[in-house]
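Accompanying notes for the structure given below.
All of the numbers you see were taken from the coordinates with simple rules; none came from a lab. Here the structure is a predicted model, which is why all the values come from computation and not from measurement. Counting neighbours? That spans all protein chains shown, and the Cβs are built from the backbone with ideal geometry, glycine included.
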């Protein structure tokens, strides 16, 4: 995987999300705008997103977290939680937070759309 300024979610952070229904404030509130990306390593759109993610974060002033959950020992329960509790069966799946609150969700979007979504949600 390409190096990125996005922070890899820990097993503990993912377990907390599964237990509590969402990521804790340490993740959601890490910056005014936060994107959490839940994906699998085989997803062809994930490397495309990684290609522009650092520049998008720089342009938007946001912080991002990610997990390639198919490479984690908690793969099955996390995938079930993502699909059944969060209601999204596609990857990459992006959750957008503003001031610690969920404001939007998407699947893969272009860099410009990602930055615009963060900026739009910032208002």
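Label positions at residue 112 and residue 51, each projected 7 Å from the Cα along the C-beta direction, are separated by 1.5 nm.
Computed over the chain, the per-residue total of -39500 (n - 2.57) for DSSP H runs of n ≥ 4 gives a 222 nm mean residue ellipticity of -12500 deg cm²/dmol, rounded to 500.
Binning all Cα-Cα separations of the chain at 10 Å, short to long from zero, yields these whole-percent fractions: 14, 50, 33, 3.
Peptides 91-98, 27-34, 51-58 ranked from most to least packed give 91-98, 27-34, 51-58, packing being the mean of other C-beta atoms within 10 angstrom over each peptide's residues.
Separation of the stretch 37-57 and the stretch 84-123, taken as the distance between their Cα centroids, equals 13 angstrom. A Förster distance of 22 Å, applied to the separation of the beta-carbon atoms of residue 58 and residue 24, puts the FRET efficiency at 0.30.
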